[in-house]
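Heads up: the structure comes next, in structure tokens.
Each value in this text was obtained by applying a stated rule to the coordinates, not by laboratory testing. Please read all numbers here as calculations on a predicted model, not as lab measurements.
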Amino acid sequence: MTTSLRSSQVAAAVGVNVQTLRYYERRGIIEEPERSLGGHRLYPEETVTTLRIIKAAQRLGFTLDEVADLLEAGKHHHGAGLQSRTETKLAEVDQKIADLNAIRASLLAARDAGCDDLAQCAQSDCCPLPFVHIGAGPKGDSP
């Protein structure tokens, strides 16, 4: 016989609040637990493992919908598995890194150029910030 855990025990074991458990139940991400005679939710121990998987996947950048899909695919051994999903997530992370590196480069260039006033900088041809005017490319160039 497996041990049943109350909501507060599960929440404490995973580091979430009880409302998170109820939300995951409503979403169908975790199964609705049995109830005690007094009406308390009684979760199987496996729920703690499932919740730890969910939280770990979220820390890796997976959305809750993506995690739910992965859990569902794992239950039925079909669909796009973890390998293909991680490849997709890696591509997204690489794009975010590239975007952040471009932003960082612009900020460093603005700092090094000594820009103190955005309005004045926008009028200068030497300002490194990527100002774009409506109907034109950067710095007023025609498209």
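Estimated purely from DSSP H runs of n ≥ 4, each contributing -39500 (n - 2.57), the mean residue ellipticity at 222 nm for the chain is -18500 deg cm²/dmol once divided by its residues. Here the 3J(HN,Hα) profile of the stretch 33-38, calculated from phi with Karplus coefficients 6.51, -1.76 and 1.60 at θ = phi - 60°, is x, 5, 10, 6, 4, x Hz, Gly and Pro shown as x. In plain terms, the bigger the Kirkwood radius, the slower the diffusion; for the stretch 1-42, with that radius from Cα pairs, at 25 °C and 0.890 mPa s, Stokes-Einstein puts D at 230 µm²/s.
Of the listed values (1) 62, 39, 26; (2) 75, 34, 26; (3) 58, 39, 33, identify the label whose number matches Cα extents along the principal axes in Å calculated from this model. Checked against the structure: label (2).
Could you give the length gained by full extension between residue 66 and residue 104, i.e. 0.36 nm per residue of separation minus their alpha carbon distance, to one decimal place? Don't jump to the answer; show the numbers that get you there.
Working: separation 38, 0.36 × 38 = 13.68 nm, distance 2.94 nm.
Taking residue 66 through residue 104 to full extension adds about 10.7 nm, to one decimal.
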